[in-house]
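Here's the structure we're looking at; comments come further down.
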């Protein structure tokens, strides 16, 4: 389906100048980093935050004190990067699939102290209560705040949850994003969503996440064959992959119907969460529960297509990683609009209305011409390699952090 794309946005002129010298500043900035979870939780937000923090610390840009929930293992100590796990309560995710941990009062007090002693406070997303506390503590101590906003509007089926999420976005978007010294979006779709009702102190920036192209790379035909044998994929069937949390927001109800409507494909669901595809007991579906980071590249490389009918999550890391492995992705039009420069390298279809019927027809058409899908693989990998460089991402964040820390 054809899409109209916005013109590609280049780096702002002041960032071009700053990026060249950001990695050679006088000394590392003291950064308090706040995320809801650590990377061991396996979500895209925390994995991106971890990669960025490690690379900023390794480059000598920052000395980072990372606060996140203690429901998962904290990352090992590394030069310039330390973890401060926050004891708390994560029952909302376990019961409802809503990742919203609540921290103990003692953990929040430690966070307030850390923010008051920082050169810059870096928050990932604006809705989490500890992030709001960190924002208020930084404002009270007159410390600059940089917010990376990953998630936009999530159209939950439950009308109360949908209305609550929209109201929280408007309220906390105005407070946290409107009050931050700098806001960064990873998706053009999410930037446009918040820009409708948020007045930013500085122009909001679009900085796409980097991808580790040493780990996530195209595989040879022999490697792909070996991966598929290990996964038990029938040799005469295409492999359709979903990778992510098993929750409504990721499109699991749609995927269940798609697996039934496209029975000649082998479906592989890799992830974790309350809507476990193993409970569907479909003969053409297999499940890999909670794959480790080291296993992900083989899953992407083995697949013929990543299928992700999700909404409201910016531009998912799983799409970037799959494309870096040369695997085409079929995503919702809102997700594709988050990376308009991908053009025909990224397949998209509308989510909403008769989603399963429309997506099933698209999948049947794609699988009927396997040579066309295969011919996309080199173009998809080349796009990922050329556009999602961690070096460029780190340089831009280094420039933004230094700009935040510089008195105006």
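The values are calculated or read from the model by the stated rules, or taken from the named source; none is laboratory data. The model shown is predicted, which means the values in this text are computed figures rather than measured ones. Quick reminder, even Gly has a Cβ in these numbers, built from the backbone with ideal geometry, and neighbours come from all protein chains shown.
Scanning region 101-127 for residues being part of a helix (DSSP H, G or I) and either out of contact with any helix residue (DSSP H, G or I) (no Cβ under 7 Å at 6 or more places or on another chain) or surrounded by 21 or more Cβ atoms within 10 Å (Cβ to Cβ) (or both) gives a total of 9. Scanning region 301-334 for residues that are in contact with a strand residue (DSSP E or B) (Cβ under 7 Å, 6 or more places away or on another chain) and assigned to a helix (DSSP H, G or I) yields 302, 318, 319, 322, 323, 333. Among the residues of region 55-68, those identified as more than 9 Å from residue 80 (Cβ to Cβ) and free of Cβ contacts under 8 Å to residues at least 60 places away in the same chain are 65, 66, 68. Listed conditions (1) within 25 Å of residue 249 (Cβ to Cβ); (2) at pLDDT 95 or above; (3) buried (at least 20 other Cβ atoms within 10 Å of the Cβ) are all met by residue 381, apart from (1).
Of the residues 233, 184, which is touching a strand residue (DSSP E or B) at 6+ places or on another chain (Cβ under 6 Å) and in a loop (DSSP other than H, G, I, E, B)?
Working: 184 fails: in a loop (DSSP other than H, G, I, E, B).
Among 233, 184, only 233 is touching a strand residue (DSSP E or B) at 6+ places or on another chain (Cβ under 6 Å) and in a loop (DSSP other than H, G, I, E, B).
Among the residues of region 100-124, those that are closer than 11 Å to residue 88 by Cα and without any contact (Cβ under 8 Å) to a residue 60 or more places away in the chain comprise 102, 103, 104, 105, 106, 107, 108.
Tally time: how many residues in region 80-121 are within 28 Å of residue 403 (Cβ to Cβ) and either at pLDDT below 95 or touching a strand residue (DSSP E or B) at 6+ places or on another chain (Cβ under 8 Å) (or both)?
Kept after step one, since they are within 28 Å of residue 403 (Cβ to Cβ), are these residues of region 80-121: 80-84, 110-121.
Next, only the ones that are either at pLDDT below 95 or touching a strand residue (DSSP E or B) at 6+ places or on another chain (Cβ under 8 Å) (or both) stay: 80-84, 110-111, 114-115, 117-121.
So the answer is 14.
Among the residues of region 233-258, those that are surrounded by fewer than 18 Cβ atoms within 10 Å (Cβ to Cβ) and more than 30 Å from residue 94 (Cα to Cα) comprise 234, 235, 236, 237.
Of the residues making up region 51-62, those that are assigned to a helix (DSSP H, G or I) and crowded, with 22+ Cβ neighbours inside 10 Å are 52, 53, 56.
Within this structure, residue 243 passes the test of being within 30 Å of residue 192 (Cβ to Cβ) and modelled with pLDDT of 95 or more. Of all the criteria given as (1) surrounded by 15 or more Cβ atoms within 10 Å (Cβ to Cβ); (2) at pLDDT 95 or above; (3) part of a loop (DSSP other than H, G, I, E, B), the one not satisfied by residue 130 is (3).
Going residue by residue through region 287-297, is there one that turns out to be over 24 Å from the mean Cα position of the chain (by Cα) and surrounded by 15 or more Cβ atoms within 10 Å (Cβ to Cβ)? Even if it seems obvious, please write down each step before you answer.
Pass one, region 287-297, residues over 24 Å from the mean Cα position of the chain (by Cα): none.
Looking for residues that are over 24 Å from the mean Cα position of the chain (by Cα) and surrounded by 15 or more Cβ atoms within 10 Å (Cβ to Cβ), one finds none in region 287-297, hence no.
With respect to (1) surrounded by fewer than 19 Cβ atoms within 10 Å (Cβ to Cβ); (2) under 16 Å from residue 312 (Cβ atoms), the lone exception for residue 178 is condition (2). Applying the condition of being free of Cβ contacts under 8 Å to residues at least 60 places away in the same chain and under 24 Å from residue 330 (Cα atoms) to region 193-225 and asking which residue is surrounded by the most Cβ atoms within 10 Å (Cβ to Cβ) yields 193.
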